[in-house]
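These notes concern the structure reproduced below.
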């Protein structure tokens, strides 16, 4: 498809985007939705249904980004929509306890291995913020260790070392603490340590050197931006290191929770952290977050102790969506999502081999990403920096033009849902082959 043909195909999106620029910064609700990630302009969406998403120009796409992850049951899942509709007549917001709050909490505790008690909030970033505060209060220490290349939310304590260029990254043995946004105070930066992912020897040195000042280590069990699965034994070694040094281990399961397994990455790998943060798939498309863990740690929350507050915490509509989503997940619907993802992963590998393109596809069926690289895998942010990012971006943009909805950024990822079908996968495979042919 020529550039001019594509512009004509999404012309209404361009007009709406131009209008949005008059009233909002960047013209989009979130930075990654705009330029330069979408070029020459973002595509404006009108609606979603099942595994499909439709733009304002009437174009249909098979959706592999799924609202950045929450739509584990696809768009407008009937049981979730019904549960929310049934709550609407009773009101939308109380700022008071409900029985639904107890039911949702009980369900989360029953599904996630590490969670004995849980608190609800409104987003994943809020969840990681709260978990860090709880860790500091419980241990009496201030410093947090996070991993280079991981996104754990938008707040100051974790938007450090998010994705530094090679020129700023520093030494592997001691990565620089590079802020991922303007406006982060130096005092906050000083309380954050950064380590490279998947290198247990360097991690052990860092932890032992700072054990008396570290409150917590925070990590996703499978980092997703980019997708960097843990090496065999890495999470177990991390768990042992934190336990030996009385440091809280936080699993950021905002993306992996209720997606890579009903109980998240900790169920998949058999490693139990002290605290867990959750969001995205937790609400099936409704805005909800949560954090929980050992009862002893969570008991630091309370009046005159650690503050947990928020106008929309445990909103009844979001709790209804949460409970309906988790009940469906308990019925085993993740199997379909995983099977379709594995099929697409295999097809990408086969297509790269047929096109004589060096590359890997890594992750799990419900969360994965291809990379154009001559290396055996992308194990860390520094490995990712060696990937052919421009070529990968071209491939992803080609997929969008072929009717596949994906964030066209090299550090992106594919999500699957329980309503993706074999027909979706077959159409996706054809699009993959066409797009790869353009970038060879």
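The values are calculated or read from the model by the stated rules, or taken from the named source; none is laboratory data. The model shown is predicted, which means the values in this text are computed figures rather than measured ones. Please note: Cβ atoms are built from the backbone with ideal geometry, for glycine as well, and neighbour counts cover all protein chains shown.
For the condition in contact with a helix residue (DSSP H, G or I) (Cβ under 7 Å, 6 or more places away or on another chain) and surrounded by fewer than 16 Cβ atoms within 10 Å (Cβ to Cβ), residue 355 qualifies. When you scan the range 219-235, do you find a residue that is surrounded by fewer than 17 Cβ atoms within 10 Å (Cβ to Cβ), more than 28 Å from residue 414 (Cα to Cα) and either free of Cβ contacts under 8 Å to residues at least 12 places away in the same chain or in the same structural domain as residue 283 (by TED's automatic domain parsing) (or both), even just one? Within the range 219-235, none of the residues are surrounded by fewer than 17 Cβ atoms within 10 Å (Cβ to Cβ), more than 28 Å from residue 414 (Cα to Cα) and either free of Cβ contacts under 8 Å to residues at least 12 places away in the same chain or in the same structural domain as residue 283 (by TED's automatic domain parsing) (or both).
Mind telling me which of the residues 192, 248, 207, 184 ends up being assigned by TED's automatic domain parsing to the domain that holds residue 121 and buried (at least 24 other Cβ atoms within 10 Å of the Cβ)? Spell out the reasoning first.
Values: 192 fails: buried (at least 24 other Cβ atoms within 10 Å of the Cβ); 207 fails: buried (at least 24 other Cβ atoms within 10 Å of the Cβ); 184 fails: buried (at least 24 other Cβ atoms within 10 Å of the Cβ).
Within the list 192, 248, 207, 184, the selection yields 248.
Which numbered condition trips up residue 205, out of (1) over 26 Å from residue 264 (Cβ atoms); (2) at pLDDT below 95? The single condition residue 205 does not satisfy is (2).
Among the residues making up the range 4-31, those that are touching a residue at least 24 places away in the same chain (Cβ under 8 Å) and within 25 Å of residue 395 (Cα to Cα) are 6, 7, 9, 10, 11, 12, 13, 14, 17. Residue pairs whose Cβ atoms lie under 9 Å apart, sitting 6 or more positions apart in sequence or on different chains, and linking a residue in the range 262-278 that is at positive phi to a partner that is surrounded by fewer than 22 Cβ atoms within 10 Å (Cβ to Cβ), are 264/111; 264/113; 270/113; 270/236. On the stretch given as the range 134-158, residues that are under 21 Å from residue 199 (Cα atoms) and either crowded, with 20+ Cβ neighbours inside 10 Å or modelled with pLDDT under 95 (or both) total 10.
Matching residues to (1) at pLDDT 95 or above; (2) within 18 Å of the chain's Cα centre (by Cα):
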position	(1), (2)
328	yes, no
374	no, no
391	no, no
400	yes, no
411	no, yes
439	no, no
